[in-house]
Amino acid sequence: MKEAIKADPDSHTKEELNGEVQALLALKAKLEPPKEDTAVLEAKIKEQGDKVRAMKEAIKADPDSHTKEELNGEVQALLALKAKLEPPKEDTAVLEAKIKEQGDK
C-alpha cells in the first residue's frame, strides 16, 4: 500500500491506510508483553469497545455517519488492545512473518 500511495496519493483513503496500520499494530502487540497494568488495559478496552458499539449504533441509525474503513480502524484498535492482554497464540516466527507481510502492504 505504501508504494501505491507514493505512486498515486489518491489510490487509497486515509481510513484504508489507518485500518492497515491498526492491523499491523495488532500483530505487533501480540509479540510484546503487556507494558501497562492489566486494570488500565481493561479500562482502555472497555472505552474502545464502547466507541465501536456507539459507531455501530450510529451506522444503524444513519448508514452514512461512518465509513466501513473508519469502523474497521476502530475495531482493529480494539483488537490491538485485547491482544496486549493475551499471550501469543502463534509461534513467534509466524507472527513476525505476518508483521512483515502487513508492513509491506
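Coordinate-derived values only; no laboratory data. Given the structure is predicted, the values throughout are model-derived calculations rather than measurements. Note: ideal-geometry Cβ built from the backbone for every residue, glycine included; neighbour counts use all protein chains shown.
The Cα trace of segment 34-85 gives Rg and Dmax of 12.4, 38 Å, the first to one decimal, the second as a whole number.
For segment 72-79, the Karplus equation 6.51 cos²θ - 1.76 cosθ + 1.60, evaluated at θ = phi - 60°, returns couplings of 4, x, 5, 5, 5, 5, 5, 5 Hz by residue, with Gly and Pro reported as x.
The phi-based Karplus calculation (6.51 cos²θ - 1.76 cosθ + 1.60; θ = phi - 60°) puts the 3J(HN,Hα) values of segment 12-20 at 9, 7, 4, 5, 5, 4, 4, x, 5 Hz, whole numbers, x for Gly and Pro.
Take the Cα of A93, step 7 Å toward its Cβ, do the same at A58, and the gap between the two points is 4.5 nm. A value for mean projected area of the Cα convex hull in nm² was derived from the coordinates, and within the list (i) 6.1; (ii) 7.4; (iii) 9.9 it appears as (ii). In the chain, a dipole from Cβ-located charges (positive for Lys and Arg, negative for Asp and Glu) runs towards its positive end, and of L17, Q102, T38 it is T38 whose Cα lies farthest in that direction.
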